[in-house]
Amino acid sequence: MYKMNRSLSKARTFAEAEKDKLFLKTDSLLERLNKACYLTAMAYGIDPLHPPKMHKHLVSMRKKEI
């Protein structure tokens, strides 16, 4: 199992946590989404500028006849 690196986090007061919450509200929605995508990519070890290609054999599309 993986262990969490506790040297990056610390115990904070509610007031400090509230400051962080207010800081995030000043960012635009696009900036927050970009940050979330970046953090997700880092969590899964993916390069955000060069994402892996999708496996074509896992997904198939067929034309629906009407």
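Coordinate-derived values only; no laboratory data. As the structure is a computational prediction, the values presented were derived from the model and not from experiment. Positions of Cβ are backbone-derived with ideal geometry, glycine not excepted, and every protein chain shown enters the neighbour counts.
Protection proxy ranking for 53-65, 31-43, using the average of other Cβ atoms within 10 Å per residue and placing the highest first: 31-43, 53-65.
Note on HIS57/ASP27: beta-carbon distance plugged into 1/(1 + (r/R0)^6) with R0 of 35 Å gives a FRET efficiency of 0.35.
Estimate the FRET efficiency between HIS50 and ALA11 by the formula 1/(1 + (r/R0)^6), using the beta-carbon distance for r and 30 Å for R0, to the nearest 0.05.
Rounded to the nearest 0.05, the efficiency is 0.20.
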